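The values are calculated or read from the model by the stated rules, or taken from the named source; none is laboratory data. It should be emphasised that the depicted structure is a prediction, and the values quoted were computed from it without experimental measurement. Note that each Cβ is placed from the backbone with ideal geometry, even for glycine, and that neighbours are counted across all protein chains shown. Protein only, heavy atoms only, side chains kept; ligands, DNA and RNA dropped before computing areas. Shrake-Rupley method; radii C 1.70, N 1.55, O 1.52, S 1.80 Å.
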Amino acid sequence: MEATALLPDIENLNLRLVTRGHVVGTCVFHMLKISTSIRRLNLDIHEGIKEVADCSPGCVCHQPHDWETKELRFNSLEELRICGLSSADCDFAFVKRLLGWTPVLRTIAINFDPSACVNEELCKELLSLTGPETCMKIYLYRNGAKVMYTPAG
């Protein structure tokens, strides 16, 4: 992935990722680093067929992740849409970092994967990561039906 220096000015970036059990943060982080003018980012995450064996020791999943420690700013990203998000700690950690890098983000739509176990605390924490000027909608599945999260009480 490191071969590309910068992509030309791109305002809309649509990434369809088939993870097969791997983490998404490293790939998305790399694409954002080389595409600094993105205004709208759509991440469409699909698990695909999981590998039978665990990742090899050399897999990027087991290497240190730049996105976990780097401080970045994506000053043009205004809209973010994530479909197929799992409730795995590594995916949630990446979303937290991504929201911290985007000071002008105005619209966020997060659609959890139907198999994700999403609880009230997770949704509240996601909502707490944005300011009042940002519209965040969280969609999850309850009893097989897709619903929009609304805080209890």
Members of segment 116-126 found to be assigned to a helix (DSSP H, G or I) and surrounded by fewer than 16 Cβ atoms within 10 Å (Cβ to Cβ), listed by number | E120, E121, K124, E125
Scanning segment 127-153 for residues that are surrounded by 14 or more Cβ atoms within 10 Å (Cβ to Cβ), hydroxyl-bearing (S, T, Y) and part of a loop (DSSP other than H, G, I, E, B) gives T130, T134, Y149
Meets criteria (over 27 Å from I34 (Cα atoms) and in a loop (DSSP other than H, G, I, E, B)) for P103 | no
Assess whether A93 counts as being at pLDDT 90 or above, closer than 23 Å to N14 by Cα and open to solvent by less than 80 Å² (accessible area, probe 1.4 Å).
-> no
Out of the residues in segment 19-69 that are open to solvent by 20 Å² or more (accessible area, probe 1.4 Å) and among the β-branched types (V, I, T), which is modelled with the lowest pLDDT?
-> V52
Can you give me the number of residues within segment 70-88 that are part of a loop (DSSP other than H, G, I, E, B), within 23 Å of T19 (Cβ to Cβ), modelled with pLDDT of 85 or more and in contact with a Leu (Cβ under 8 Å, 6 or more places away or on another chain)?
-> 1
Taking segment 100-115 only, how many residues are open to solvent by less than 50 Å² (accessible area, probe 1.4 Å) and either more than 17 Å from L43 (Cβ to Cβ) or modelled with pLDDT of 90 or more (or both)?
-> 8
